[in-house]
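A short worksheet on the structure shown next.
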Amino acid sequence: MNNYKVYLRVRPIDYDQSMMNINQNTISIKDPTNKQAEWQQYCYDKIFPSTSTQKELFDEVFNFDCLNKNACILSYGQSGSGKSYSLFGNVQNPGIVPLFVQTMLEKSQVVEASFQEIYIDQIKDLNTNLVTEDFTRRQIMLINDLWDMIKIVRKTDIKRQVRTHVIITLYLNKDTKIQFVDLAGSERVAKNITEGEKYQEAIMVTSSHQVLNKCLNLFNQNKVIPKRESKLTSALIIDNNTQVILIGTINPSQSNYEECLLTLQYLDRTKNVQVQIRKQQSPQGLDTPNNSQQDKVIKRLQEEIQEYKQKIEQLNLDRKKRFMDLQKLLGLDIDLERLSAKNAKDISIFRNQQEALQKNVSLQEQLEQQHYEIAELVRKNEELKQDFHQKVERYQSQLIEQREINKKLKDQINMTKMSGDDALRQLNSERDHFIKKLQDESKNLLEDKVTSIINLPQTALTKLSENQKLQDLRRQARNEAEKEFNKQLDQIKLEHQKWLDTCKQQYEYHLNEKNKEIENFLSSFKQYRERKKQQINDIVDELLDLYDIVQKQNKVIDKIETGGYSGGLKSFSIPKQDKPILPNKIKHKNLFLYLDTKSVSATITKKASTIEKTIKTTTKQLKQSQSQFAIEIDYNQIDQINFTSMDLSTLRSYANKLRDLVKELQDQMIVVQDKCKQQIAQMQRGQFIDYFVERDEAIQKYNIENRRYNQNRVVIESQSRILQKIRPISSIQRKS
Ligand SMILES: Nc1ncnc2c1ncn2[C@@H]1O[C@H](COP(=O)(O)OP(=O)(O)OP(=O)(O)O)[C@@H](O)[C@H]1O
């Protein structure tokens, strides 16, 4: 049956080839501790070797129309064999549940989920953490919602986790559900645990696994499933429209040989036909191929039981021997008989419990068989009922048909009973009536046709003349339309011409206005340009004046320094014509206008007074000087002057004077340069071509000024060099 698939997945560890071998979908296993042991083979729908990926498993599992079919996917195996890994995995290697949800979300499919755990026959809703069988659903909007749920599953009591079944159900649309079941670990509980919670857990898990196995087996045979036998199976969706997939997982290390074998046998049993049921189905005991196969299984199981019994016996003997050795070693005297009697009592209790359990299981099986038989009987009864109803309906319809046939037959008999003459008369009159009617109709038709044939030429003539008239009318109408059209066209042309004339007038008027505006602008601009030209010339004159003033002052200073005035160094006087001149507010009005008048006049006054002061101080110092030699400075040979021979006060006054002069000259040059730059910038800001001519002139003037400034700068720099030479010498002299 296609609705049921069994897969096996092997956890990736290096398994011993002497214990296990995989060849496509067949796995062979052998007891690694027993060299004589034979290989046992199991075959499944698909085996995923240890190298298989999560995606490969996902692709194989969801190989059906999951939007229109329910599914129940179960993972079975001992703890640590990879059940949870295969279903959930982790964020790096998501298992089939996250891969499936991701695919659905990408298809914009609405996904809701409920999730529960079953522990000792108690169902708990993990969404609400309440023990209830009414499950709450949660919509999964993002894949992280699912990871949150998986986190909750992992957080449940870790000790109990291995003994708990976890069920996640996804609801895709109104009817489709996909169920994932992470079954509790299948490992056998330690043999020494015979009571308490652990014992109860073990019993419940084992019995729920057995019921599940039986249900899957019956499902595989398309038979009634005893779902109610355990909480686990009653919570599962297993019906005709469900794809059921059982994924067995094994951890194939040598120490896990027995658990691996049990898992393989468990998977195998869900697909094999069960012995007991088969026997009842074929009471004749025919030795069919299936029966011989079952016999083989029984034989194998019996052999296994025998093997286990021998092992237990051997273990008991070993234990007894070890105990005796220990007793001898410790010198103890323990009543072994009494102890073993107590043990025997415990063992008998355990055996009783086991027998009761077995009886219970076999009773349940009988009960389930009876349920099955009852269901079969009910089904047959139902079929018989349906058959009976169908037969009754068929008889009834046959009866109705028969009745109608009878009626018709009766009528026919009545007709034949009527006298033959009456019938003949009636038939004759009906025939005459019909013939007369036919004759009338054909006469009328004939008359119509004849009149239409006679009138045909006349009708043709009338049609011709009508046609002629129509053509004349059409021609006349076309002429009139053409006339009307031409008239309207002329009118439109006239109007258009008028409109064009108006536009032209308006345009010319605007053009004249614009021309006037441009002329006005040009003349005012010319005036403005003249004014500016005049201003620039004035400024240049004033700048030249200023330069003359500076030059004059320089000359005065030079003369003082070189003793050029009569009266010697001690008592010279500056003639009136040489005295420094201050810039005149009226004469240099442009400079005063462009600059902040007050600060400029203040600066100039200050500078003038500084120069005067300097001259006075120098004169005074020179007068005070004891030395009689005159200072003659030739700027070209200034580098050769021997300052070391000068006395300190002469040197200092010399230096101070030079420093002031240098500073003043620098200030003046900066002012002049800034002004020129401003002028040029103003010129450059102009938008018209004439300005460029003015600008070029101004640039020429600026260049002349700049050249002069550079000449001055050379002087200043040479003076600075002198000062630099003087400064260290004067400090040496001061120290000495
Ligand atoms: N196919 C695999 N590939 C890689 N790692 C695996 C595989 N199978 C299992 N593992 C790893 O083995 C460990 C145990 O696996 P997992 O928890 O799935 O076991 P389990 O059968 O669910 O056990 P339990 O019943 O205790 O929950 C995990 O760390 C898991 O990552």
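Scanning for something without any contact (Cβ under 8 Å) to a residue 12 or more places away in the chain, closer than 30 Å to residue 697 by Cβ and not basic (Lys, Arg), does the stretch 474-491 turn up at least one residue?
no
What do you reckon, is residue 528 among the hydroxyl-bearing types (Ser, Thr, Tyr) and either more than 30 Å from residue 589 (Cα to Cα) or at pLDDT 85 or above (or both)?
For residue 528, the condition - among the hydroxyl-bearing types (Ser, Thr, Tyr) and either more than 30 Å from residue 589 (Cα to Cα) or at pLDDT 85 or above (or both) - is not met.
Consider residue 31 carefully, then state whether it is open to solvent by less than 80 Å² (accessible area, probe 1.4 Å), within 23 Å of residue 218 (Cβ to Cβ) and of a type in the set (Asp, Glu).
Details: open to solvent by less than 80 Å² (accessible area, probe 1.4 Å): yes; within 23 Å of residue 218 (Cβ to Cβ): no; of a type in the set (Asp, Glu): yes.
So residue 31 fails the test.
Can you tell me which of 263, 270 is at pLDDT 65 or above, touching a helix residue (DSSP H, G or I) at 6+ places or on another chain (Cβ under 8 Å) and either under 19 Å from residue 30 (Cα atoms) or surrounded by 19 or more Cβ atoms within 10 Å (Cβ to Cβ) (or both)? Step through it out loud before you land on a result.
Details: 263 fails: touching a helix residue (DSSP H, G or I) at 6+ places or on another chain (Cβ under 8 Å).
270 is the lone residue from the list that is at pLDDT 65 or above, touching a helix residue (DSSP H, G or I) at 6+ places or on another chain (Cβ under 8 Å) and either under 19 Å from residue 30 (Cα atoms) or surrounded by 19 or more Cβ atoms within 10 Å (Cβ to Cβ) (or both).
Checking residue 423 against (1) at pLDDT 75 or above; (2) open to solvent by less than 100 Å² (accessible area, probe 1.4 Å), which test does it fail?
(1)
Being in a helix (DSSP H, G or I) and touching a strand residue (DSSP E or B) at 6+ places or on another chain (Cβ under 9 Å) is the filter here; which residues of the stretch 235-258 pass it?
If the condition is that a residue be in a helix (DSSP H, G or I) and touching a strand residue (DSSP E or B) at 6+ places or on another chain (Cβ under 9 Å), then 256, 257 are the ones that fit.
Any residue in the stretch 503-525 that is in contact (Cβ under 8 Å) with a residue 12 or more places away in the chain and part of a helix (DSSP H, G or I)?
The answer is yes; a qualifying residue exists.
Test each condition in (1) of a type in the set (Asp, Glu); (2) away from the ligand (no atom under 16 Å from the Cβ); (3) at pLDDT below 90 for residue 45 and report the one that comes out false.
(3)
For the stretch 519-555, name all the residues that are under 30 Å from residue 575 (Cα atoms) and surrounded by fewer than 16 Cβ atoms within 10 Å (Cβ to Cβ).
Once the filter is applied, which keeps residues that are under 30 Å from residue 575 (Cα atoms) and surrounded by fewer than 16 Cβ atoms within 10 Å (Cβ to Cβ), the stretch 519-555 yields 541, 544, 548, 551, 552, 555.
Filter the stretch 239-260 down to the residues that are open to solvent by 10 Å² or more (accessible area, probe 1.4 Å) and away from the ligand (no atom under 16 Å from the Cβ) and list them by number.
239, 240, 241, 243, 254, 257, 258
Can you find a residue in the stretch 51-59 that is more than 12 Å from the ligand (Cβ to nearest atom), under 20 Å from residue 3 (Cβ atoms) and surrounded by 15 or more Cβ atoms within 10 Å (Cβ to Cβ)?
Scanning the stretch 51-59, I find at least one residue that is more than 12 Å from the ligand (Cβ to nearest atom), under 20 Å from residue 3 (Cβ atoms) and surrounded by 15 or more Cβ atoms within 10 Å (Cβ to Cβ), so the answer is yes.
Would you check if there is a residue in the stretch 136-154 being among the acidic types (Asp, Glu), away from the ligand (no atom under 16 Å from the Cβ), within 25 Å of residue 241 (Cβ to Cβ) and open to solvent by 40 Å² or more (accessible area, probe 1.4 Å)?
no
Please go through the stretch 431-467 and give me each residue that is of a type in the set (S, T, N, Q) and open to solvent by 100 Å² or more (accessible area, probe 1.4 Å), ordered by number.
Matches in the stretch 431-467: 439, 458.
In the stretch 427-466, which residues are of a type in the set (S, T, N, Q) and closer than 30 Å to residue 415 by Cα? Give the steps one after another, and end with the answer.
Initial filter on the stretch 427-466 (of a type in the set (S, T, N, Q)): 428-429, 439, 442, 444, 451-452, 455, 458-459, 462, 465.
428, 429 - these are the residues of the stretch 427-466 that are of a type in the set (S, T, N, Q) and closer than 30 Å to residue 415 by Cα.
Mind listing whichever residues of the stretch 68-126 are of a type in the set (Gly, Ala, Ser), in a strand (DSSP E or B) and away from the ligand (no atom under 15 Å from the Cβ)?
Selection gives 71, 113, 114.
I'd like to check something: does the stretch 40-48 contain any residue that is over 25 Å from residue 213 (Cα atoms) and open to solvent by 20 Å² or more (accessible area, probe 1.4 Å)? I'd like the intermediate steps shown before the answer.
If we filter the stretch 40-48 for residues that are over 25 Å from residue 213 (Cα atoms), which is where we start, we get none.
Checked the stretch 40-48: no residue is over 25 Å from residue 213 (Cα atoms) and open to solvent by 20 Å² or more (accessible area, probe 1.4 Å).
Taking the stretch 162-173 as the region of interest, how many residues are more than 12 Å from the ligand (Cβ to nearest atom) and either touching an Asp or Glu at 6+ places or on another chain (Cβ under 8 Å) or part of a strand (DSSP E or B) (or both)?
Within the stretch 162-173, residues that are more than 12 Å from the ligand (Cβ to nearest atom) and either touching an Asp or Glu at 6+ places or on another chain (Cβ under 8 Å) or part of a strand (DSSP E or B) (or both) number 5.
Identify all residues within the stretch 174-206 that are modelled with pLDDT of 70 or more, more than 16 Å from the ligand (Cβ to nearest atom), open to solvent by less than 70 Å² (accessible area, probe 1.4 Å) and in a loop (DSSP other than H, G, I, E, B); write none if there are none.
Hit for the stretch 174-206 is 176, nothing else.
Which is modelled with pLDDT of 75 or more and open to solvent by 70 Å² or more (accessible area, probe 1.4 Å), of 381, 428?
381
The values are calculated or read from the model by the stated rules, or taken from the named source; none is laboratory data. Predicted model, so just to flag it, every value in this text is computed and none were measured. When we count neighbours, we look across all protein chains shown, and the Cβ atoms used for this are built from the backbone with ideal geometry, even at glycine. For the accessible areas, the whole protein counts, side chains as well, though only heavy atoms, and no ligand, DNA or RNA atoms are used. Shrake-Rupley method; radii C 1.70, N 1.55, O 1.52, S 1.80 Å.
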